[in-house]
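Right, one structure below, let's go through it.
The values are calculated or read from the model by the stated rules, or taken from the named source; none is laboratory data. Keep in mind that what you see is a predicted model, and the values were worked out from it rather than measured. A quick note on method: Cβ atoms are made from the backbone with ideal geometry, for glycine too, and the neighbour counts reach across all protein chains shown. The protein model used for the area step is the full one, side chains on, heavy atoms only, and it has no ligands, DNA or RNA in it. Shrake-Rupley method; radii C 1.70, N 1.55, O 1.52, S 1.80 Å.
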Amino acid sequence: MSFQLRPMTAADRSEVASLIFHSTNRYYESIGRDPIFTGDELSPAIIVDVYDQLDPGEAVVAVDEASGQVIGSCFVHPRETHVSLGIMNSHPDHFGRGVARALLTHILELAENQGKPVRLVSSCLNLDSYSLYTRAGFVPFCTFQDMFLQVSKEGLAEDPPAGQKVRPARLDDVAAMARIEKELSGISRVGDYQYFIENRENIWHVSVLESPNGIDGFLVSCGADAFNMLGPGVARSEEQAAALIYEELNQHRGRMPVFLVPVACGELVQRLYRWGARNCEMHVAQAYGSVRAPKGVTMPT
């Protein structure tokens, strides 16, 4: 192996941002799609920054031993209940060298040492990526429609779902958010909830849905230039999920957020179509190790 793995450092920021930009765009162009990233090749640097703030020192890069070039990167999220595998990229000029496989093996060994399962959400269109994970022992457990919706500058024209109380999240909601996600999805990530609500970069918004029983759901959204998206979030019912999605879409008036909805949530999907949503891709949640089937509505990043 003519490359080595090492922890990502601050000095790698620009090179990793460029790697994400070019490798992601190269893949989408290879399947006849428009590039995901446009403009400055360093625009994905915000992704590097967010991951570093969430999990400082956990990201890994693959470096070519001859040139010193970063030819692969992966972001890792150790959580209370699991290890989450974030964005993984390998340089398109170095495909076939086993870079992604080496990064994945490193993460699986890390998780096994912690006694935790590994979870990820990956594209159904990228069969090379899909097979990388399933060959390693990952098992799919939930499939999602990727949808996007152009929100007018005036906001959604439709009325919000009736009878649902949605409000901005507060820091004192963190414990309740952890409880509802643990109940519905079987996972917990307390530090993430706090980070999103604190919103130090001024790019995040978080809504919670209240019921007589307490908080029955929440949804995060991001307004960064490089990624305008909804998620993560959970809700007990499709009606509650619709109310949360409605609120977060209206946080991004004049923009076109992308979001993931479980394929099994037929009523929710039909409502989103009525609002003007369209499909752009499919994703699948996979796990290495034990996983519990999710309840309610899970909306990953």
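Key figures
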| read-out | value |
| --- | --- |
| Some residue of segment 94-101 being touching a helix residue (DSSP H, G or I) at 6+ places or on another chain (Cβ under 9 Å), small (Gly, Ala, Ser) and outside any loop (DSSP other than H, G, I, E, B) | yes |
| Enumeration of residues in segment 92-109 that are more than 21 Å from the chain's Cα centre (by Cα) and surrounded by 15 or more Cβ atoms within 10 Å (Cβ to Cβ) | Pro92, His94, Arg97, Gly98, Val99, Ala102 |
| Flag if Val151 is part of a loop (DSSP other than H, G, I, E, B), in contact with a Leu (Cβ under 6 Å, 6 or more places away or on another chain) and farther than 26 Å from Gln53 by Cα | yes |
| Sole exception among (1) under 30 Å from Ile187 (Cα atoms); (2) out of contact with any Asp or Glu (no Cβ under 7 Å at 6 or more places or on another chain) for Thr38, by number | (1) |
| Qualifying positions in segment 250-301 - open to solvent by 40 Å² or more (accessible area, probe 1.4 Å), out of contact with any Pro (no Cβ under 7 Å at 6 or more places or on another chain) and hydrophobic (A, V, I, L, M, F, W, C) | Met256, Val258, Val263, Ala264, Met282, Ala293 |
| Count - residues of segment 161-176 that are over 25 Å from the mean Cα position of the chain (by Cα) and either exposed (fewer than 14 other Cβ atoms within 10 Å of the Cβ) or part of a helix (DSSP H, G or I) (or both) | 3 |
| Val151 at pLDDT 95 or above, touching a helix residue (DSSP H, G or I) at 6+ places or on another chain (Cβ under 8 Å) and β-branched (Val, Ile, Thr) | yes |
| Segment 126-149 residues that are touching a residue at least 40 places away in the same chain (Cβ under 8 Å), paired with ones that are of a type in the set (Phe, Trp, Tyr) and open to solvent by 40 Å² or more (accessible area, probe 1.4 Å) (beta carbon under 8 Å, 6 or more apart) | Asn126/Tyr27; Tyr133/Tyr288; Ala136/Tyr288; Gly137/Tyr288; Phe138/Tyr288; Val139/Tyr288 |
| Filtered residue count, segment 110-130, keeping only those that are surrounded by fewer than 17 Cβ atoms within 10 Å (Cβ to Cβ) and of a type outside the set (S, T, N, Q) | 7 |
| Output for segment 211-226, where each listed residue is out of contact with any helix residue (DSSP H, G or I) (no Cβ under 7 Å at 6 or more places or on another chain), open to solvent by 10 Å² or more (accessible area, probe 1.4 Å) and not hydroxyl-bearing (Ser, Thr, Tyr) | Pro212, Asn213, Asp225 |
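Residues checked against (1) of a type in the set (A, V, I, L, M, F, W, C); (2) under 21 Å from Glu239 (Cβ atoms):
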{"residue": "Ala100", "(1), (2)": "yes, no"}
{"residue": "Ile107", "(1), (2)": "yes, no"}
{"residue": "Gln114", "(1), (2)": "no, no"}
{"residue": "Ser131", "(1), (2)": "no, no"}
{"residue": "Ala136", "(1), (2)": "yes, no"}
{"residue": "Phe144", "(1), (2)": "yes, yes"}
{"residue": "Leu149", "(1), (2)": "yes, yes"}
{"residue": "Val166", "(1), (2)": "yes, yes"}
{"residue": "Val174", "(1), (2)": "yes, no"}
